[in-house]
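Please read the structure below before turning to the comments.
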Amino acid sequence: MWTRENALFNRSAPAVLGVLVGVVALTAPIASSAVTFQKTSIIVTPAELAKGVDYPLIGLIDQKAPVFLSIRAYAWSQTPDNQMILTPTTDITTFPQLLRVDAGANTSVRVQSTRSLDDTSEHYYRLVLEEFPPLETKAVKVVPTVQIRSRPRVTVPIVVAPAREERREPLEITGPRSGAGSPSGSLMLHNTGNTVLVVKSLASTVSPATRVPVGVTILAGSTIAVPLPKAISGDVEIIYSTAKNSYVLRHAVH
């Protein structure tokens, strides 16, 4: 199961960024094995990540067989149409990279940076966990047959938080990119700040009743295209928030 949420801003509670994050369990569709997560995100400072942090995993008590996981870390970025890009990185290492989780077992993965990370802005990574379903080999006369099952995958966001204060009013708007005043027009929203922000809603400044929810997460330094609804004309009012503050920003469309 996959979800889109924007509740990253609480260190003490499970939280998920708004980009394809696996919820609650990693489950093989055929086998009866599963692993649950106590945390759905990792939020750390550069100093904490340099020392290493543990990501806990728990095997379900009623699973009938061990679960085998492949674990890797990737750099995470966004495209203007809000697609997730995962790029191999040597910034972070995981140990172990192959893990067996038995029924009812409590275990963890060690996540640690391999170099000093700049503390002026957030850094974004994803912990990718892939389950290896058990292989079943069945002999048919002389030639054996191997049955290969699918590999469920979950990605867990890693946010390396800056030590410095967030930059004030970090959202910049341009556009519409094309088709001004038409449903095809898109506002280009650029996060010039050093922390992730969430665009909550937008509305026409002359008609608050036109307000529509947006719910788009923009990583620091990223630019996302948000379609301009047909019902909105004239200047646009956008409400967005960071971990610490909420903002209201107006933009002239015509």
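The numbers here are math on the coordinates, done by the rules we state, and not lab data. Computed from a prediction, not measured in an experiment: that's the story for all the values here.
Given 0.36 nm per residue, what is the gain on full extension from L98 to A47 after removing their alpha carbon distance, in nm?
Between L98 and A47, full extension yields an extra 15.8 nm.
Report, by chain and number, residues whose modeled amide H sits under 5 Å from the one on V216, excluding near sequence neighbours (fewer than 5 apart, same chain).
V199
Got a sec to turn the phi values of segment 76-82 into Karplus ³J(HN,Hα) couplings, 6.51 cos²θ - 1.76 cosθ + 1.60 with θ = phi - 60°, whole Hz, x for Gly and Pro?
These are the phi-based 3J(HN,Hα) values: 10, 9, 10, 9, x, 8, 6 Hz.
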